[in-house]
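Peer 1: Here it is, the structure in full.
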Amino acid sequence: MTSIDSHYSQSLQSEKIISRLNTAYPDGPNLYHLAPIDQLHIGGIKASEKLSQRLIDFKASKVLDIGSGLGGLLRVCKNHYPAFYVGLDITHKLNKINRQLNKLHDKSSPSMIVTGNGQQLPFADQSFDLIILQHSLLNMPDKISALKECQRILIPGGHIILHEVLTGNHHETMQFPVPWARHPALSHLISTRDMNDLVNSTSLTIRSMEDWTAEALSWRNRQTNKQKKPQTPVVSPSMILGSEFTLMGKNVQRNLENDAIRIVEWVLS
Ligand SMILES: C[S@@+](CC[C@H](N)C(=O)[O-])C[C@H]1O[C@@H](n2cnc3c(N)ncnc32)[C@H](O)[C@@H]1O
């Protein structure tokens, strides 16, 4: 088991998640029922809905989500737009639950889920016309291999979308734990300039760069307010990341407020 795998698996309550969902939603959970656990990024389901619009813009037909986690992005995309979808994640236990969630949510044509490493992709050259990394490059130390692998499996004319966390101007104030890392050794954030240099060292081209930090902070504030109300949710991120999740959420808010981190969407081709 890698340390990343162990970060996401060590507190995972697989059976509890499935039994709670089965009991609460006998006809199957919808996208919003699943969102507290399958949208493991800053910005939640709204950010995934915004990204799904890109599939329509690019008329994508073969879509790969690298670091697909519990599959929230792919389910949202599938709901908006028909395509062939594959999710790849290094954490095998997340993939197992992702498949179970697919069965509960939509039995018809679930996405293919593969266990693998985004820095060494198990796919043939030119296999996909859209590749998305949503808060997964942040766990990858070897970003140049990750980007070169994306480039290798991308069909000419295809696109890569990065919905990622970069360092801000005050990264020295960064507080841990955060949802992607209990300690700094697992967090592999780089600056906008370094990301720019990284892309320029490949033959990929930056098509657009958007800063989503302001809306990410508004989203995080809404989550904090929700957590203040006494409630027993059917499923919650603490069933994945454990009781530390409350502190992780607070630290994300502080890190955004202090410009320790920024949330961006970059489109490459
Ligand atoms: C913060 S979670 C985001 C999950 C999902 N993209 C989402 O937004 O809900 C990061 C995910 O990236 C996966 N991951 C980290 N490093 C990876 C690698 N080298 N290859 C594939 N997946 C990786 C983790 O297992 C985890 O599921």
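Each value in this text was obtained by applying a stated rule to the coordinates, not by laboratory testing. Note that the structure is a prediction, hence the values are computed from the model and not measured. Here Cβ is always computed from backbone atoms with ideal geometry, including for glycine, and neighbour counts include all displayed protein chains.
Peer 1: Just to check I understand the Karplus step: with θ = phi - 60° and J = 6.51 cos²θ - 1.76 cosθ + 1.60, what whole-Hz values come out for the range 124-133, glycine and proline as x?
Peer 2: In residue order, the calculated couplings are 5, 4, 6, 9, 10, 9, 9, 10, 10, 10 Hz.
Peer 1: Okay, next question. Could you compute how fast the range 175-223 diffuses translationally, taking Rh as the Kirkwood radius over C-alpha pairs and applying Stokes-Einstein at 4 °C with viscosity 1.567 mPa s? Give it in µm² per second. Could you put the intermediate results ahead of the total?
Peer 2: On the way: Rh = 13.5 Å.
Taking Rh from Cα pairs, D becomes 96 µm²/s.
Peer 1: Continuing with the same structure: Rounded, prolate or oblate: which one fits the range 29-76, using the alpha carbon gyration tensor with axes a ≥ b ≥ c (rounded when a/c is under 1.5, else prolate when a/b beats b/c, else oblate)? Don't jump to the answer; show the numbers that get you there.
Peer 2: Details: a/c = 1.90, a/b = 1.64, b/c = 1.16.
Prolate is the answer for the range 29-76, as a/c is 1.5 or above and a/b outweighs b/c.
Peer 1: 222 nm [θ] for the chain, helices only, -39500 (n - 2.57) per DSSP H run of 4+, per residue, to 500?
Peer 2: Working: 11 runs with 117 residues, N = 269.
So the calculated ellipticity at 222 nm is -13000 deg cm²/dmol.
Peer 1: Nothing charged except the Cβ atoms of Lys and Arg (+1) and of Asp and Glu (-1): what's the magnitude of the dipole of the chain about its Cα centre? Round to the nearest 20 debye.
Peer 2: Working: 28 positive and 24 negative charges, 159 e Å.
Computed charge dipole of the chain: roughly 760 debye.
Peer 1: Also, I was wondering about something else. Can you work out ³J(HN,Hα) from phi for every residue in the range 201-210, in order, using Karplus 6.51 cos²θ - 1.76 cosθ + 1.60 and θ = phi - 60°, giving whole Hz and x for Gly and Pro?
Peer 2: 7, 9, 9, 7, 10, 7, 8, 7, 9, 10
Peer 1: Using Cα centres only, tell me the gap between the range 2-32 and the range 221-269 in whole Å.
Peer 2: The two parts, judged by their Cα centres, are 17 Å apart.
Peer 1: Going by C-beta contacts inside 10 Å, put Thr91, Thr23, Thr2, Thr232 in order with the fewest on the left. Present the calculation step by step, with values, prior to reporting the outcome.
Peer 2: Working: Thr91 24, Thr23 9, Thr2 12, Thr232 5.
Lowest count first: Thr232, Thr23, Thr2, Thr91.
Peer 1: Taking θ as phi - 60°, what are the ³J(HN,Hα) couplings along the range 155-170 by the Karplus curve (6.51, -1.76, 1.60), each to the nearest whole Hz, with x for Gly and Pro?
Peer 2: With the stated coefficients, the range 155-170 comes to 5, x, x, x, 10, 10, 10, 10, 10, 9, 9, 10, 6, x, 6, 10 Hz.
Peer 1: Another question, then. Assigning unit charges at the beta carbon (Lys, Arg +1; Asp, Glu -1) and nothing else, what dipole magnitude in debye, to the nearest 20, does the range 84-177 show about its Cα centre? Numbers along the way, then the final one.
Peer 2: Working: 8 positive and 8 negative charges, 84 e Å.
Computed about the Cα centre, the dipole is about 400 debye.
Peer 1: A further question on this structure: Give the residue from Ser136, His33, Leu189 lying farthest towards the positive end of the charge dipole for the chain; charges sit on Cβ (+1 for Lys and Arg, -1 for Asp and Glu) and the dipole is referred to the Cα centre.
Peer 2: Result: His33.
Peer 1: On average, how much area does the Cα convex hull of the range 95-154 cover when viewed from any direction, in nm²?
Peer 2: If I average the Cα hull's projected area over directions, I get 4.7 nm².
Peer 1: Quick one: net charge of Phe123's neighbours, Cβ under 15 Å, K/R +1, D/E -1? All intermediate terms of the calculation are to be shown ahead of the outcome.
Peer 2: Numbers: positive: Lys62, Lys148, Arg152; negative: Asp65, Asp89, Asp125, Asp129, Glu149.
Summing Lys and Arg as +1 and Asp and Glu as -1 gives -2.
Peer 1: Also, quick follow-up: How big, in percent, is the set of alpha carbon pairs in the chain lying more than 34 Å apart?
Peer 2: On the way: 4330 of 36046 pairs.
Looking at the chain, the distances longer than 34 Å represent 12 percent of pairs.
Peer 1: Taking a ≥ b ≥ c as the square roots of the eigenvalues of the Cα gyration tensor of the range 144-269, is the shape rounded (a/c under 1.5), prolate (a/b larger than b/c) or oblate?
Peer 2: On the way: a/c = 2.14, a/b = 1.87, b/c = 1.14.
Here the range 144-269 falls in the prolate category.
Peer 1: Using the alpha-carbon centroid of each, what span in Å lies between the range 60-122 and the range 186-208?
Peer 2: Answer, in whole Å: 25.
Peer 1: Tell me whether the range 1-107 comes out rounded, prolate or oblate; compute the Cα gyration tensor, take square roots of the eigenvalues as a ≥ b ≥ c, and use a/c under 1.5 as the rounded threshold.
Peer 2: Verdict is oblate for the range 1-107.
Peer 1: Same structure, new question: Place a +1 charge on the Cβ of each Lys and Arg in the range 67-124 and a -1 charge on the Cβ of each Asp and Glu, then give the dipole magnitude about the Cα centre in debye, rounded to the nearest 20. Show your work: numbers first, answer last.
Peer 2: On the way: 7 positive and 2 negative charges, 43 e Å.
My answer is approximately 200 debye.
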